[in-house]
Each structure stands twice: as C-alpha cells, then as structure tokens.
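Following: one structure in structure tokens, then a few remarks.
The values are calculated or read from the model by the stated rules, or taken from the named source; none is laboratory data. Computed from a predicted model, the values in this text were never measured in an experiment. Neighbour counts run over all protein chains shown; Cβ positions are idealised from the backbone, glycine included. Accessible surface is based on the protein model in full, side chains and every heavy atom, while ligands, DNA and RNA are left aside. Shrake-Rupley method; radii C 1.70, N 1.55, O 1.52, S 1.80 Å.
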Amino acid sequence: AVTIHARRSPHRYPWVEEFGAATAERLGLAAHPGRLSMELRPPVAVDKGTVVASLSEGMAAACYIGDDRGDLPAFAALDRCRAAGMATLAVAASSDEAPAELLGAADLVVDGPEGTLALLTTLAGLAG
C-alpha cells in the first residue's frame, strides 16, 4: 500500500484525491480516502476490520485505538465481537483532523497521542 498525504498542504488535497483515484484506476488498485490522504491498496478483501476479527478470535476482550476514517472497519469488527459476547473497547484519538464519524463510533475518545499513551499506561497497570 502507498499513502499520499496532504496534511502539511491541505489546499492540495483535491489534487491528491484526483491523482490517487486516477492512479488507482490505471493500476487496478483500490483508493481509500483518509485524513487528508489517499491510500492506494491492492484490491483484496483485507482491512483493519478483518485483521481485528482474526487477531481477536478466541480472546475474552479486545481494544482498538484509531484516529482516521480507515479505522472504522476495525470499530465495526469490535461491534460484531461485542455482539458475540466479547468485551471490547473502541477508542478514538481525537485531533483537529479526526473525522466525526470515527469519534461518533468510538466507545471512548482520548486527547490525541498523549491521551492514547495515558490510556495504554492505565490499561497496562491494570493488567499487572
């Protein structure tokens, strides 16, 4: 996969979208928009959601922390795990660029990288 970022030049994002879509079509790739970015991936049925489902299989609990639209499939996988009886926690790391749909889908929203580190430190302490 390759990601083209426009985070430092947000005014160039329309070009990133156009170039990414055209390149994906020309090369037979799948274009996935992100946070002021376009990710070009092989057209396979694997995403963060399928990985979360696979890795959490047989576990009693699972937690996933995301900050981008591309993390929504992982949150959806956690929802399916929860429906099957697993304890889950979907965490969004907030920022000025965090998409509203990700924040809305989260069980918990933390304040960026600092909040993520604080949460992981707390979870590690609880785990012993």
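Listing for the model above:
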quantity: Residue in region 41-64 that is touching a Leu at 6+ places or on another chain (Cβ under 7 Å), closer than 25 Å to residue 12 by Cβ, free of Cβ contacts under 8 Å to residues at least 40 places away in the same chain and of a type outside the set (Lys, Arg) present; calculated: no
quantity: Inter-residue pairs, beta-carbon under 9 Å, first closer than 16 Å to residue 70 by Cβ and in region 83-111, second open to solvent by 40 Å² or more (accessible area, probe 1.4 Å) and hydroxyl-bearing (Ser, Thr, Tyr), 6+ apart; calculated: 90/64; 91/64
quantity: Failed condition for residue 124, given (1) within 15 Å of residue 49 (Cβ to Cβ); (2) open to solvent by less than 80 Å² (accessible area, probe 1.4 Å); (3) over 14 Å from the mean Cα position of the chain (by Cα); calculated: (1)
quantity: Condition met for residue 8 (open to solvent by 80 Å² or more (accessible area, probe 1.4 Å), without any contact (Cβ under 8 Å) to a residue 40 or more places away in the chain and in contact with a strand residue (DSSP E or B) (Cβ under 7 Å, 6 or more places away or on another chain)); calculated: no
quantity: Residue match in region 61-68 (condition: open to solvent by less than 40 Å² (accessible area, probe 1.4 Å), within 17 Å of residue 102 (Cβ to Cβ) and β-branched (Val, Ile, Thr)); calculated: no
quantity: Top-ranked residue of region 93-128 - restricted to ones that are of a type in the set (Ser, Thr, Tyr) and assigned to a loop (DSSP other than H, G, I, E, B), ranked as nearest to residue 74 (Cα to Cα); calculated: 94
quantity: Close pairs from region 14-36: first under 28 Å from residue 92 (Cα atoms), partner part of a strand (DSSP E or B) and small (Gly, Ala, Ser), Cβ under 9 Å, at least 6 apart; calculated: 16/37; 17/31; 20/31; 20/37; 21/31
quantity: Qualifying positions in region 80-101 - surrounded by 14 or more Cβ atoms within 10 Å (Cβ to Cβ) and either within 17 Å of residue 60 (Cβ to Cβ) or in contact with a Leu (Cβ under 6 Å, 6 or more places away or on another chain) (or both); calculated: 80, 81, 82, 86, 88, 89, 90, 91, 92
